[in-house]
Amino acid sequence: MAHFPFKMADVELLKTEAYVQGTWTAASSGKRFDIEDPGTGKVFASCPDFSASDVDAVVESSSRAFEEFRKENPRSRAQKLLEWDRLIRESKDDIAQVLTYESGKPLAEAHGEIEYALGFTWWFAGEAERIRGNLSIPSQPNRRVVVTKQPIGVCVALVPWNFPIAMILRKVGAALAAGCTIIAKPSPETPLTCLILANLAVKAGFAPGVFNVITSSMDNTPEVAERLCKHPLVKKVSFTGSTTIGSLIAKHCAEGLKKVSLELGGNCPFIVFDDCNQEQACEELLKLKWRHAGQACVTANRVYVQSGIYEEFVATLAKRTSILKLGHGMSSDTTIGPLTTKRGVSKAQKHVEDAIEKGGKVIVGGKSGKGLGDGFFFEPTIIRDAKQSMLISQEETFAPVLAVYRFDSEAEVVKNANDTSMGLASYFFTKNIDRAWRLLENLEAGMIGMNTGNSSAAESPFGGMKLSGYGKESGKDVAVEEYLVSKTGTMTLEGHY
Ligand code: SIN
């Protein structure tokens, strides 16, 4: 049995093998890859390193399971989703520790992610029974047309490391509600929580093969993902991650005309007008930006503050950021954890150096967390006097680095906010109702936060526009629709109608 640096109440919950057909499975090569604790840089577990040649057997298992699962009654699927929800909740203390060790996020945030993620199992349990087609009377006489919805088939979830539980439950919950089987390929940094979820799904009553999990190293992930996307039995791929990889996934899927949904990068603007409630704007920004050390696609990358309140707002932001405590996610006084990867630290450093070169002033933080051992730490950082020409304005930073820009007019800020290839989320704070309506219509993003820094919820559609991708996850109807196909039946009736 593996020895972890934490104690679990249920020692059977976490196994470090892939989970295929309800069986803990090694890679055919016997190779494994290491999983590091971002808070210490130390390896604490390993998982099987699947390669492309291991993929076919997994897809075939999912395909066999689909032949039975597609016929299962929606109420039965809903009951299993609810049981899964219950089992996850029952084990949440164990799961939260594993999440903190694999992702680095503070334990309180790990609990927060699980709570958020359980919104999806709960929501999709409800959605399973509400899948509807329709019946219509067409223009041709003596005819009726029926549209019926069916599960699309074997699906694939390619999942990132920043919210490894929420992203799994958001994708897998929708697929199972629709009656599809699904293969998850978690990120090499965070496969462990995904394995626990699959283990609990089988315990909740989903047949072996309905939810399979493949693990692979950073080196093998591209070939495994490509094989999954190109496998003829795979009908739908849902990917969350960078725009660069998302566009590659779309290319792989184009060959077989697979249905695809892509939730990609952010670079989200957060706009603070003179007439807002400053306390509310600051509080929402702090929660949004420092959540998982800035490693969320929906985080605020660029903060635009109107001239009249710029100095006051920046000073409050700096004061409240400087009291954050950077440290290991398991330490009880930690309020901001490490980055999940070492490369994240290098990117943060590069963005800060570029901003300084172009006239930005670092007023809080600015350095990697030296003195905290070999963990992947970067201080929560605020750069004032930011400019559109800076790297941080053009790319998603994905780190605890916040750039603050000054603006004068609404027209100017809308132009700058939209001046990005991305369009995931935008946020604004104002008490002017006319302006709020204009911004809702004029900001180019799939999700608009109006006097709030958080629009993520199981019951609201999640997804972007422009290079932030397409397709919606969560929300009523739209999320499950991604896992369904429509069939149109047309019937001629005899007699007089
Ligand atoms: C993400 O950043 O990728 C997801 C965050 C969320 O669901 O709120």
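Residues of region 32-42 that are more than 24 Å from the chain's Cα centre (by Cα), crowded, with 16+ Cβ neighbours inside 10 Å and in contact (Cβ under 8 Å) with a residue 24 or more places away in the chain: Thr40 alone. Filtering region 437-455 to residues that are within 16 Å of the ligand (Cβ to nearest atom) and within 21 Å of Gly246 (Cα to Cα) leaves Ala445, Gly446, Met447. Scanning region 56-93 for residues that are open to solvent by 60 Å² or more (accessible area, probe 1.4 Å) and farther than 26 Å from Leu14 by Cβ turns up Glu60, Arg64, Glu67, Glu68, Arg70, Lys71, Asn73, Arg75. Just one residue in the set Tyr310, Tyr304 is among the aromatic types (Phe, Trp, Tyr) and within 23 Å of Ser421 (Cβ to Cβ); that residue is Tyr304.
The residues on offer are Thr321, Thr240, Thr244, and the sole one that is free of Cβ contacts under 8 Å to residues at least 60 places away in the same chain and either within 16 Å of the ligand (Cβ to nearest atom) or open to solvent by less than 60 Å² (accessible area, probe 1.4 Å) (or both) is Thr244.
In region 333-350, how many residues are open to solvent by 80 Å² or more (accessible area, probe 1.4 Å) and free of Cβ contacts under 8 Å to residues at least 60 places away in the same chain? Working first, answer last.
Initial filter on region 333-350 (open to solvent by 80 Å² or more (accessible area, probe 1.4 Å)): 333, 342-343, 350.
Pick out the ones that are also free of Cβ contacts under 8 Å to residues at least 60 places away in the same chain and you get 333, 343, 350.
Going through region 333-350 one residue at a time, the tally reaches 3.
Of the residues in region 178-186, at least one is free of Cβ contacts under 8 Å to residues at least 40 places away in the same chain and either crowded, with 24+ Cβ neighbours inside 10 Å or within 25 Å of His3 (Cα to Cα) (or both). Against the numbered list (1) within 16 Å of the ligand (Cβ to nearest atom); (2) open to solvent by 60 Å² or more (accessible area, probe 1.4 Å), Glu279 comes up short only at (1).
Here the condition is being of a type in the set (Lys, Arg) and in contact with a Lys or Arg (Cβ under 9 Å, 6 or more places away or on another chain); of Lys251, Lys236, it holds for Lys236 alone. Which of the numbered conditions does Val147 fail, given that it passes all the others? Conditions: (1) open to solvent by 20 Å² or more (accessible area, probe 1.4 Å); (2) within 16 Å of the ligand (Cβ to nearest atom); (3) not in a loop (DSSP other than H, G, I, E, B). Of (1) open to solvent by 20 Å² or more (accessible area, probe 1.4 Å); (2) within 16 Å of the ligand (Cβ to nearest atom); (3) not in a loop (DSSP other than H, G, I, E, B), only one is false for Val147: (2). Among the residues of region 439-484, those identified as more than 17 Å from the chain's Cα centre (by Cα), within 29 Å of Cys276 (Cα to Cα) and of a type in the set (Asp, Glu) are Glu441, Glu444.
Considering region 99-130 alone, what residues qualify as being in a helix (DSSP H, G or I) and open to solvent by 20 Å² or more (accessible area, probe 1.4 Å)?
To start, the set of residues in region 99-130 that are in a helix (DSSP H, G or I) comprises 99-103, 107-128.
Answer for region 99-130, where residues must be in a helix (DSSP H, G or I) and open to solvent by 20 Å² or more (accessible area, probe 1.4 Å): Tyr101, Leu107, Ala108, Glu109, His111, Gly112, Glu115, Tyr116, Gly119, Trp122, Trp123, Gly126.
Candidates Ala9, Ala18, Ala96, Ala45: the one that is open to solvent by 70 Å² or more (accessible area, probe 1.4 Å), within 29 Å of Glu115 (Cβ to Cβ) and of a type in the set (Gly, Ala, Ser) is Ala9.
The values are calculated or read from the model by the stated rules, or taken from the named source; none is laboratory data. Note that this is a predicted model, so its numbers are computed, not measured. FYI the Cβ positions are ideal-geometry reconstructions off the backbone, even for glycines, and counts take in every protein chain you see. With ligands, DNA and RNA removed, areas are computed over all heavy atoms of the protein, side chains included. Shrake-Rupley method; radii C 1.70, N 1.55, O 1.52, S 1.80 Å.
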